[in-house]
1. Can you pull out every residue in the range 170-198 that is more than 17 Å from R127 (Cβ to Cβ) and part of a helix (DSSP H, G or I)?
2. Check every one of the helices (runs of 4 or more DSSP H) wholly within the range 59-169 and list those with 3 or more residues that are under 19 Å from the mean Cα position of the chain (by Cα) and either at pLDDT 95 or above or of a type in the set (F, W, Y) (or both).
3. Which of the numbered conditions does K119 fail, given that it passes all the others? Conditions: (1) in contact (Cβ under 8 Å) with a residue 24 or more places away in the chain; (2) surrounded by 21 or more Cβ atoms within 10 Å (Cβ to Cβ); (3) touching a strand residue (DSSP E or B) at 6+ places or on another chain (Cβ under 8 Å).
4. Quick check on I225: is it farther than 26 Å from L16 by Cα, part of a helix (DSSP H, G or I) and among the hydrophobic types (A, V, I, L, M, F, W, C)?
5. Mind checking which pairs have a first residue in the range 227-249 that is closer than 18 Å to S161 by Cβ and a second that is among the acidic types (D, E) and at pLDDT 90 or above, Cβ under 8 Å, 6 or more apart or different chains?
6. Can you name the residue in the range 1-59 that is touching a Ser or Thr at 6+ places or on another chain (Cβ under 8 Å) and over 29 Å from Q80 (Cβ atoms) and is also surrounded by the most Cβ atoms within 10 Å (Cβ to Cβ) among such residues?
7. Quick one: in the range 60-75, of everything that is over 20 Å from P104 (Cα atoms) and among the small types (G, A, S), which residue is surrounded by the most Cβ atoms within 10 Å (Cβ to Cβ)?
8. Given the criterion of a type in the set (S, T, N, Q) and free of Cβ contacts under 8 Å to residues at least 24 places away in the same chain, identify the matching residue among S36, S49, S26, S76.
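The values are calculated or read from the model by the stated rules, or taken from the named source; none is laboratory data. Predicted model only: the values in this text are computed from it and were never measured. With ideal geometry, Cβ positions are generated from the backbone for all residues, glycine too; neighbour counts draw on all protein chains shown.
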Amino acid sequence: MTNSELKERLTGAIALMKIPGVGRVSYEKLVKKFGSPEGVFEASIDEISMLDRISRGMASGIKRECDLPEAGQIASKIVQLGWQVMFLGDENYPEQLKTIPAPPPLLFATGQELTQDEKLIAIVGTRHATEAGELFTYRLATELVNEGITVVSGMAEGIDSAAHKGALDAGGKTIAVWGSSLDIVFPASNRKLAEKIKKQGTVYSEYLPETRPDKAFFPERNRIISGLSSGIVVVEAGEKSGALITAGHGLEQGKEIFAVPGGPGAAKSQGVNNLIKKGARLLTSVQDIFDELPLLKNQILVKKFRRLPDMTETEQKIVGLFTEGPKQLDQISREVELPIGELTEFMLTMELRGIIRELPGKRFVLSEDFQ
């Protein structure tokens, strides 16, 4: 794609994204229906408002608020900055993010390109980490990259920074997902770390140029951290830590959650200890990750089911989703294209027949008898 073609495509996408009321979900729905942002702009108010949960008021706003000149200026800046641009649905868009709830319509990156077969584990935790917590995180990240794993985090101070540094110092790759645009380093104290990540790894953001960090952006970026990763490790998190939001997104996305236990009275450990109570895997060493996710260490190529009873076509589709581990109910619903209500009936029947079993967080896995 030439710079001119990229600018033109970016202009339409940005113009649609910036219309008040058009969020990530409605953007995806509109583009899927009309083929492109330009197709949306060319559609009539009646055609647009026929879509589920797209009101006539929103349809009128799309026709009225579209500002292509402003969008074109922003697109030009992105091209000048030389950012990698990934449009939802394109081949270069991370496969892991295509099925998460509300995937970013646009994703920007600097540094190395992510390969589709890359193995990713997120490490997150408090900004106000203890020395022991940072040291454990640093060593864990080092051990992971020595096994060919890429470490994902948010480049905040504390645990996040220790995770990135451990990966980099071991000569591995790390990915940072920012809650600001790529032209604004936050926190500023991590400027040197950011430059090193760009050289040895990748930085991702869904935000347009000159977007400063905001309290609301960090929970949003956390869904990308969890979405990219096969599992999420939480180290030192209080009861209201943002790291718990990442874990929550991970559960919703059907990811494995690992929690590093702390002392019963330690304020920075209340969040992780509560995660363990709710069913997160207790983690004391890197081996705990590989025990739960053996694919990461190439211990098995794929689960092969020993025997399966007679099943309907829909049940066979559901079973086929469990080749790489547990799946969350919403994720199964999207992948087999069944409403939650109808899917629940299938899941209950399969559970009663002993084919699947339920895990904490509305996740399901194939029963051990059939693995």
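1. Within the range 170-198, K192, E195, K196, I197, K198 meet the criteria.
2. 159-169
3. That leaves (2) as the condition not met.
4. no
5. Going by the 8 Å Cβ cut-off, the qualifying pairs are I232/E256.
6. So, considering only residues that are touching a Ser or Thr at 6+ places or on another chain (Cβ under 8 Å) and over 29 Å from Q80 (Cβ atoms), the one surrounded by the most Cβ atoms within 10 Å (Cβ to Cβ) is A59.
7. My answer is G61.
8. S49
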